[in-house]
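Have a look at the structure below, then the notes.
The values are calculated or read from the model by the stated rules, or taken from the named source; none is laboratory data. Note that this is a predicted model, so its numbers are computed, not measured. All Cβ positions, glycine included, derive from the backbone under ideal geometry; neighbour counts span all protein chains shown.
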There are 2 protein chains.
Amino acid sequence: MSTATAESRPYHHGDLSRALVDAARKILETDGPAALSLRAVAREAGVSPAAPYHHFKDKAELLEAVAHEGWHELDVALSTARASTEDPRARMTNLGVAYVCFARDNPALYRVMYDRSRDKDALPDQLKDDGAYCQVRDTINENGGGHVSDIDLELATIAAWCAGHGLAEMIGFKQFAPLKELLGGEEAFLRAVFEHLGMFAKFTAIQD
Amino acid sequence: MSTATAESRPYHHGDLSRALVDAARKILETDGPAALSLRAVAREAGVSPAAPYHHFKDKAELLEAVAHEGWHELDVALSTARASTEDPRARMTNLGVAYVCFARDNPALYRVMYDRSRDKDALPDQLKDDGAYCQVRDTINENGGGHVSDIDLELATIAAWCAGHGLAEMIGFKQFAPLKELLGGEEAFLRAVFEHLGMFAKFTAIQD
DNA sequence: AACCAATCTGGACGATGCTTAGATAACGCA
DNA sequence: TGCGTTATCTAAGCATCGTCCAGATTGGTT
């Protein structure tokens, strides 16, 4: 035993929940989602295949914990992007670019996040109250100068979120490679695509 | 087509490839993607677990065939929607609604289609030449009256495609239920979201 | 010191994807 | 018509998976 990442562990691990989530994320990063088995996670944490069941009901619950971390980190990334400029219009574009870049830089994690959401037919609840989704809504609201109806604001947020997610899932697709090169890199490509999404048309009209 | 779960079937099946794809789709519809194992497919087709390997290299290749059928059917659905009206602007919205409705009505199939694409980091090649993707591009081009640059046309198509895909993956999410009810049903909700996607802002500006 | 509850192990069960060896039958050619 | 070639299918087996169980170990309470 003690295939552990470090020296020989005591019988009781100490903080196995944490170690399991960390092990899962390490496997995700190095070998991708296909290699993420519960047994592999236990192996990576230096523990027997049955040990995780004392901390997580089943594999899905472990993935839930991993996804939760992912959403939080996405939240942080969006916060940073949001603070990057004063111009509200540019801020919105930066937010979109940051979203897609997060998915590009953490493809396996992003996939787990949405696989779990699709299984539950719902995004994590925290997103709506003070998470990433909320940041998109607030930024859009700033664009409208506060004159936007609740319904329009919600619809625009959904539209933006869906576009961001769609792009995030396809950003690595081979078909886009020539266009990316033509436009001078992936980020320029991203900005150009977001330029074509006019979530603000209605709001700027209201402002005028 | 006499998939022989009943009467005695001859040693050689006749058209097992077809039967396997049909069996896979039936399992997808009734039990969802999680239940789609190669062995279950073979069982459903009334054949030994090893038989599929004489027609498909592995499970992924079977799913590839299933996905291929899905893309073709999506293509048909978009064609129908495209012919539904003369107004080019409304035609574009109808196209988006039809796309999302296809995903809503065939959730498991849609998931297989994109799972396969993500594994290959590419959409099916046929899409670009005369498939669903091409229909979106053509419809957008009609909107621009042919005055759109190739690059802008491609970018707008990508933007629309990504937004449609994002919405398609999330249309069933619980968080959207109240808004759907408020707007008078799912299709009204869809139209409202697509209203907020201004893929045409640039083009209408060109036309004006 | 003694007990309890939490934690971990070893082993097992059924199911999966896939491989191999051998059985069967359809097809082309004499 | 007969025969061999080849495609197709079965049976059995391997490694792995998710999950459960009985029993061993331990830290925390009293």
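If I filter segment A:12-44 down to residues being more than 13 Å from DNA strand D (Cβ to nearest atom) and of a type in the set (A, V, I, L, M), which single residue comes out as nearest to A:Tyr114 (Cα to Cα)?
Once the filter is applied, the top-ranked residue is A:Val21.
Can you tell me which residue among A:Pro107, A:Pro52, A:Pro124 is away from DNA strand D (no atom under 16 Å from the Cβ) and over 16 Å from A:Pro33 (Cβ atoms)?
A:Pro124
Limited to segment B:114-135, what total is found for residues that are buried (at least 18 other Cβ atoms within 10 Å of the Cβ), under 17 Å from A:Gly172 (Cβ atoms) and more than 8 Å from every other protein chain (Cβ to nearest Cβ)?
4
Is it true that some residue in segment B:87-108 is touching a Gly at 6+ places or on another chain (Cβ under 6 Å) and either surrounded by fewer than 18 Cβ atoms within 10 Å (Cβ to Cβ) or on the phi > 0 side of the Ramachandran plot (or both)?
Looking through segment B:87-108, none of the residues is touching a Gly at 6+ places or on another chain (Cβ under 6 Å) and either surrounded by fewer than 18 Cβ atoms within 10 Å (Cβ to Cβ) or on the phi > 0 side of the Ramachandran plot (or both).
Which residue, of B:Ala108, B:Ala65, is within 14 Å of chain A (Cβ to nearest Cβ), within 15 Å of DNA strand C (Cβ to nearest atom), touching a helix residue (DSSP H, G or I) at 6+ places or on another chain (Cβ under 7 Å) and of a type in the set (Gly, Ala, Ser)?
Numbers: B:Ala65 fails: within 14 Å of chain A (Cβ to nearest Cβ).
Sole residue among the options that is within 14 Å of chain A (Cβ to nearest Cβ), within 15 Å of DNA strand C (Cβ to nearest atom), touching a helix residue (DSSP H, G or I) at 6+ places or on another chain (Cβ under 7 Å) and of a type in the set (Gly, Ala, Ser): B:Ala108.
Do we have A:Leu123 as in contact with a Leu (Cβ under 9 Å, 6 or more places away or on another chain) and on the phi < 0 side of the Ramachandran plot here?
Details: in contact with a Leu (Cβ under 9 Å, 6 or more places away or on another chain): no; on the phi < 0 side of the Ramachandran plot: yes.
Spelling it out, it is not the case that A:Leu123 is in contact with a Leu (Cβ under 9 Å, 6 or more places away or on another chain) and on the phi < 0 side of the Ramachandran plot.
Tally time: how many residues in segment A:175-200 are farther than 12 Å from B:Ala163 by Cβ, at the interface with chain B (Cβ under 8 Å from one of its Cβ atoms) and either crowded, with 23+ Cβ neighbours inside 10 Å or modelled with pLDDT of 90 or more (or both)?
Residues in segment A:175-200 being farther than 12 Å from B:Ala163 by Cβ, at the interface with chain B (Cβ under 8 Å from one of its Cβ atoms) and either crowded, with 23+ Cβ neighbours inside 10 Å or modelled with pLDDT of 90 or more (or both): 6 in total.
Scan segment A:116-135 for residues that are at pLDDT 85 or above and part of a helix (DSSP H, G or I) and jot them down. Before you say what the answer is, go through the steps one by one.
If we filter segment A:116-135 for residues that are at pLDDT 85 or above, which is where we start, we get A:116-127, A:131-135.
Selection gives A:Arg116, A:Ser117, A:Arg118, A:Asp119, A:Lys120, A:Gln126, A:Leu127, A:Ala132, A:Tyr133, A:Cys134, A:Gln135.
Scanning segment A:139-174 for residues that are touching a residue at least 12 places away in the same chain (Cβ under 8 Å) and hydroxyl-bearing (Ser, Thr, Tyr), which turns out nearest to the other protein chains (Cβ to nearest Cβ)? Explain how you work it out, then say what you get.
First, the residues of segment A:139-174 that are touching a residue at least 12 places away in the same chain (Cβ under 8 Å): A:139-145, A:147-148, A:152-154, A:156-157, A:159-161, A:163-165, A:167-169, A:171-172.
With the extra rule that they be hydroxyl-bearing (Ser, Thr, Tyr), the set shrinks to A:139, A:157.
Details: A:Thr139: 14, A:Thr157: 9 Å.
Checking each candidate, the answer is A:Thr157.
Condition check: closer than 19 Å to A:Ala34 by Cβ, within 14 Å of chain A (Cβ to nearest Cβ) and within 13 Å of DNA strand D (Cβ to nearest atom). Does B:Ala60 satisfy that? It would help to see each step written out before you state the result.
Details: closer than 19 Å to A:Ala34 by Cβ: yes; within 14 Å of chain A (Cβ to nearest Cβ): yes; within 13 Å of DNA strand D (Cβ to nearest atom): no.
Considered against the rule, which asks whether it is closer than 19 Å to A:Ala34 by Cβ, within 14 Å of chain A (Cβ to nearest Cβ) and within 13 Å of DNA strand D (Cβ to nearest atom), B:Ala60 comes out as no.
Scan segment B:136-149 for residues that are buried (at least 19 other Cβ atoms within 10 Å of the Cβ) and assigned to a loop (DSSP other than H, G, I, E, B) and report the count.
Adding up the residues that qualify gives 2.
Take A:Glu61 and tell me if it is of a type in the set (Asp, Glu), surrounded by fewer than 16 Cβ atoms within 10 Å (Cβ to Cβ) and under 19 Å from A:His165 (Cα atoms).
no
Which helices (runs of 4 or more DSSP H) sit wholly inside segment B:150-198 and have at least 3 residues that are small (Gly, Ala, Ser)? I'd like the intermediate steps shown before the answer.
Details: elements: B:150-170, B:177-183, B:186-195.
Ranges flagged: B:150-170.
If I filter segment B:28-57 down to residues being more than 8 Å from DNA strand C (Cβ to nearest atom) and charged (D, E, K, R), which single residue comes out as farthest from the other protein chains (Cβ to nearest Cβ)?
My answer is B:Glu44.
Residues checked against (1) more than 13 Å from the chain's Cα centre (by Cα); (2) without any contact (Cβ under 8 Å) to a residue 60 or more places away in the chain:
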| site | (1), (2) |
| --- | --- |
| B:Tyr53 | yes, yes |
| B:Glu69 | no, yes |
| B:Val76 | no, yes |
| B:Thr93 | yes, no |
| B:Val100 | no, no |
| B:Arg104 | no, no |
| B:Tyr110 | no, yes |
| B:Ala122 | yes, yes |
